[in-house]
Amino acid sequence: MPLASPLAAPLAATALTRRAFGRLVGGATAFCAAVGRARAQGNTAIRFSLDGRFEGPSAPFLIAQEKGYFGAEGLDVTIEAGTGPRSIIQRLAEGQQDAGFGDVNTLIRFRDENHGADLKAIMMVHDRPSFALVGRKSRGITGEPASLEGKKLGAPAGDASFAQWPIFRAINKIDDSKIRFETIGLPVREPMLASGELDAAFGPGASSYVSLKARGVPVEDIVLMWMADHGLALYGNAVIMSPKLIAERPDAVRGFVRAVLHGVRDAVANPALGAQLVAKRNEAAQPETVRERLAMTIEQNMLTPFVKAHGFGGIDRERWAQALDQIGLAGPLRDKARAGDAFTDAFLPPAGERMF
């Protein structure tokens, strides 16, 4: 039976055991020594793009850049903001970028629609996707999907969570003829929820929750409905590489993954550092709000039970197959095998080096 997930209080930052913290500090110390011996800039240029603006989830990449982890691997990485999950995939396919941080489900669908494209996800960052609906208890929203019927939902154009609605609706047998959808802009999503103009809205769970709370909505009135808690087997954002870089510079790809993994470890150990780096690249970001979003993303989407048991960055093949079946609910895949060949673990370090 699906689990409801209304939040009555802010989630705390990910807790670390003394042994785990020791591993983080020890690993960081050893790596920093390597950084000190490395060249300041590498000789392989990589143009890396996010799928949106600089926010909490971009912190591991910014940390890897700030601390010289990319440079230590012989890489000269530039990090750019993006304009949406579909846009980053298209830019990678056209050779405008070498690598990106984007939604793996969008990648799967893109591969199915463009047989000449052979982009690959090489590192799963969000083992549990951020897809969610955030609503208000005072507007009749509960932790159950059925409570959405009869309500007014905000649907931002191009929003990754709204893109999963056909799947979520089918799995949970929701009659959306009883729902009123309103297309809204991303900047007005939380303001409209706070003012009561919407009953719920689609969005990335951590970001929407923290933003709504920051607008003064009491936490006991906020309901965060993670789609993953209600049958959605999909994965979330991953590091995606161009086929050209994979073919011509496989060692650079491995080095990129190692550097990002160090950035993830630092973000887990010190979310405040990640928040500071995000704030430098996003003038509208408030460091404390970003820190809270990042800590929540780490806890809810990154360091899941599967990741803690099997290591960061990989996938479970049985779940992957289930996710492909679910993607087909939104529209049949023309070549399921090719579309599903969107992830490779060939560039990941051994599992023992990816444990948290």
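The values are calculated or read from the model by the stated rules, or taken from the named source; none is laboratory data. Treat the numbers as computed from the prediction; the structure is a model and nothing was measured. Ideal geometry is used to build each Cβ from the backbone, glycine not excepted, and the neighbour counts take in all protein chains shown. Accessible surface areas use protein heavy atoms only, side chains included; no ligands, DNA or RNA. Shrake-Rupley method; radii C 1.70, N 1.55, O 1.52, S 1.80 Å.
Observations on the model:
- Rel. contact order, % - alpha carbon contacts under 8 angstrom, at least six apart, the chain: 28 percent
- Largest accessible area first, the listed residues H115, H230 line up as H115, H230 when surface is computed with a 1.4 Å probe on the assembled protein chains.
- Loop-located chymotrypsin sites (Phe, Trp or Tyr not before Pro) across region 209-309 with a Cβ neighbour count of 15 or fewer within 10 Å are lacking, with loop assigned by DSSP.
- log10 of Debye I(q)/I(0), alpha-carbon scatterers only, for region 186-283 at 0.13, 0.23 Å⁻¹: -0.74, -1.19
- The residues neighbouring L148, those whose beta-carbon lies less than 15 Å from its own, together hold a net charge of +2 under the Lys/Arg +1, Asp/Glu -1 convention.
- By DSSP, the beta bridges lying fully in the chain are antiparallel in about 55 percent of cases.
- Between the listed residues N172, G203, P243, the Cα displaced farthest toward the positive end of the dipole of region 164-295, a dipole computed from Cβ unit charges relative to the Cα centre, is found at P243.
- Local electrostatic count, I46, Cβ distance below 14 Å [Lys/Arg +1, Asp/Glu -1]: 0
- Over all pairs of different C-alpha atoms in region 140-214, the reciprocal of the mean inverse distance, the Kirkwood hydrodynamic radius, equals 12.6 Å.
- Average Cα contact separation per residue, region 273-356, under 8 Å, 6 or more apart, as relative contact order %: 32 percent
- Shown here: region 52-115, whose C-alpha atoms stretch 39, 25, 16 Å along the first, second and third principal axes, sorted largest to smallest.
- Computed over protein heavy atoms with a 1.4 angstrom probe, the accessible surface ordering of L186, L75, largest first, is L186, L75.
- Ignoring the sites themselves, the chain has its longest run without GluC sites (Glu not before Pro) in a DSSP loop having at most 16 other Cβ atoms within 10 Å at 1-93.
- Against the chain, whose longest principal axis is taken from its Cα atoms, helix 317-327 shows a tilt of about 50°.
- Here the chain exposes an accessible surface that is 52 percent carbon and sulfur, computed with a 1.4 Å probe and the other protein chains kept in place.
- For A200, the residues whose amide H sits under 5 Å from its own are K152, G154, ignoring neighbours fewer than 5 places away on the same chain, with H placed 1.01 Å from N.
- Scattering profile of the chain at q = 0.07, 0.09, 0.13 Å⁻¹ [log10 I(q)/I(0), Debye over alpha-carbon scatterers]: -0.28, -0.47, -1.02
- Cα pair distances in region 225-275, grouped into 5 Å bins until the bin that holds the longest one, percent each: 4, 16, 15, 14, 16, 18, 13, 4, 1
- Rg(Cα)/(2.2 N^0.38 Å) for region 252-356, N = residue count: 1.31
- Accessible heavy-atom area order of R189, R281, highest first, probe of 1.4 Å: R281, R189
- With eigenvalues of the C-alpha gyration tensor scaled by 5 and rooted, region 112-260, Å: 34, 18, 13
- Average accessible surface area per residue within the chain, 1.4 Å rolling probe, Å²: 41 Å²
- For the chain, calculated [θ]222 nm from helices alone, where every DSSP H run of n ≥ 4 adds -39500 (n - 2.57): -12000 deg cm²/dmol
- Computed over region 262-313: relative contact order in percent, which uses C-alpha pairs under 8 Å that are six or more apart: 27 percent
- Taking other residues whose beta carbon is less than 12 angstrom from the beta carbon of E66, and scoring Lys, Arg as +1 and Asp, Glu as -1, yields +2.
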